[in-house]
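A short reminder: the numbers here are calculations on the coordinates, not readings from a lab. These numbers come from a predicted model, not from an experiment. Note: ideal-geometry Cβ built from the backbone for every residue, glycine included; neighbour counts use all protein chains shown.
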Amino acid sequence: MKTPDFAWPRQLALGLTCAVLTAGCRATPSTGPSPRAVTRHFATTPRVIPAPTSLALSSSDSFSLTATTSILVDSGNAEVARTAELLALVLRPSTGFPIPVSSSATSGGVALRLNSTRAALGAEGYELAVTRDSVRIVAATPAGLFHGVQTLRQLFPPEIESQQALSGSWAIPAVTIVDQPRFAWRGSMLDVARHFFTVREVKQYIDLLALYKLNVLHLHLSDDQGWRIEIKSRPQLTNVGGRLQVGGGPAGFYTQDDYTDIVRYAQERYITIVPEIDMPAHINAALVSHPELSCGTRPPMVYTGTEVGFSSLCPEKEETYALVDDVVREIAALTPAPYFHIGGDEVQALTHERYARFIERVQDIVGRRGKQMVGWEEITRANLRPTTLVQQWANDTVAAAATRYGAKLILSPAPRMYLDMKYTPSTELGLHWAAFIEVRDAYDWDPATYIKGVTERDIVGIEAPVWSETLRNITAVEYLVMPRLPALAEVGWTAQATRNWENFRDRLPAHAPRWNYLGVNFYRSPQIPW
Ligand code: TNX
């Protein structure tokens, strides 16, 4: 095993941060003198994000991974075995230990146990108990075990995320954590239409969501500038609409196999994919592919700028609904989750009445194809079913109107949650029409009191959109979402009474070396004592 040119326990013991020891926090060791490998036990205060419901350090003991540690699972549950394997994939490269997943060993390891009598832990909760001799994660559901594994990852020193074997003591403090989320819907939206992101990049984003216990990835699959998913009955949509993006091309699209691959990868991480086809506006790429669906007489032109609201499907043409049905049918069949997002935002080309009639017909199509409709807040101008979900983003009164229909809300208030907003006026990437959003702005608010007339009961959860007008690749996305994504993950997961800004601010720096090992780009906000 290669001895790294740093010694992480020493770094922690001295209380130095990675801002000071940047090189020591990087994954690639340089060729300096090799210091002694320090082997000692330690117990730092856990700095878990999102903050768990309860966390008790039991004693000064700690548990250490060794060359003989295994991960124990009950036999006969493939899902739990898969989660155990994902944990092993984190632990093996950095420790260099074999870390087998086993259903026969009886002690001395990390146990993942499903227990249906622990229903009080809920659909996603878990209990994690660390003693000197073992780690035990218990949950009522496989999703709960997966979240418990993410907490366990964060209890190890950041070097656990290294892809290279390092020497040291892989110790975690003895602790008991009982934890479950505040909201069922904790999401992010990635705009893969304005700029295209490869399957690999989307998976990298999914990995980040999973680490912070987010459970929804909403994919904005179409817009004026691009159509990003293969529809077999309508090949023109991608043949024409898949080629371009903001600023020109070439761009790309997901084949149905690609999309299925993304859905499966997300599912294995307990993340629900919510597909969005934005209509009747934000549709120019489809109109260029199918000019017959526009009300106008002049053929639509390719558009690669960033204005919004100018395009529309023609709501009076039956061909429009035939295309919508083809698209909804094919995507619905590939999507295991019960949701289909129809967009519905920023329509300038239609009267309210024509718009409302369109939305109601599309709501019927989505229902007939077996899905619940989700739409941006403007859909409250139409008659909604109580099962429809309304995604608030700009206007408080329109969002509150959703509750008239008994429809629940997903909150994405732009001045707090739009991760495409700049942090400050000097942030190079991003837009700023809604606000400058520093880390504290993203963190320090309560979804249950943010909008007048909307209470916790009206909300299924929160979602952080990442619009990609200025974002050409995943590294750029990471710069804008890190560290606001973990901040919002805590808003969604942790009870309001359990969290506060100062405490979050002091936990966050411990995550930066982890991001360095994972190769994740981030913004060094001056609000954080890195
Ligand atoms: C508004 S939010 C939009 C998007 C833009 C975004 C830029 C919403 C439903 N529509 O079309 O990309 O602002 O921040």
**Complete:** Net charge (Lys, Arg +1; Asp, Glu -1) of residues whose beta-carbon lies under 15 Å from that of Asp325, Asp325 excluded, is +2
**Request:** Using only Cα atoms, find the angle between the long axis of helix 352-368 and the longest principal axis of the chain, and express it within 0 to 90 degrees, rounded to the nearest 10.
**Result:** 60 degrees
**Prompt:** Can you pick out the pairs among Lys213/Lys408; Lys371/Lys422; Lys232/Lys317; Lys203/Lys232 whose Cα atoms lie more than 27 Å from each other?
**Reply:** Lys371/Lys422
**Item:** Where the Cα pairs of the stretch 65-139 fall when distances are cut into 5 Å bins, in %
**Value:** 3, 16, 26, 26, 18, 8, 3, 0
**Request:** Between Asp261 and Arg368, take the C-beta separation as r, use R0 = 22 Å, and let me know the FRET efficiency to the nearest 0.05.
**Result:** 0.20
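Net charge around Tyr303, counting only other residues with Cβ within less than 12 Å of its Cβ (Lys, Arg = +1; Asp, Glu = -1)?
Values: positive: Arg194; negative: Asp223, Asp224, Glu307.
Neighbourhood net charge equals -2.
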**Prompt:** Between the helical axis of 78-95 and the dominant principal axis of the chain, each derived from Cα atoms, what acute angle in degrees is found, rounded to the nearest 10?
**Reply:** 60 degrees
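Could you calculate the FRET efficiency of Arg361 with Glu292 from 1/(1 + (r/R0)^6), where r is the beta carbon distance between them and R0 is 22 Å, rounded to 0.05? Don't skip to the end; give the middle numbers.
On the way: r = 18 Å, r/R0 = 0.81.
Calculated transfer efficiency: 0.75.
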**the stretch 237-334 pair-distance distribution - Cα-Cα, 10 Å bins, rounded %** = 14, 41, 33, 11, 1
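If you add up the charges near Leu431, with Lys and Arg at +1 and Asp and Glu at -1, over every other residue whose beta carbon is less than 13 angstrom from its beta carbon, what do you get?
Values: positive: Arg194, Lys422; negative: Asp191, Glu307, Asp420, Glu428, Glu469.
Counting the neighbours of Leu431, the net charge comes to -3.
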**Message:** Using only the alpha carbons of the chain, what is the convex hull's orientation-averaged projected area in square nanometres?
**Reply:** 24.6 nm²
**Prompt:** Length gain on complete extension for the stretch Arg200 to Asp446, per 0.36 nm per residue less the alpha carbon to alpha carbon distance?
**Reply:** 85.2 nm
**Prompt:** Among the DSSP beta bridges whose two residues both lie in the chain, what percent are antiparallel, rounded to the nearest 5?
**Reply:** 30 percent
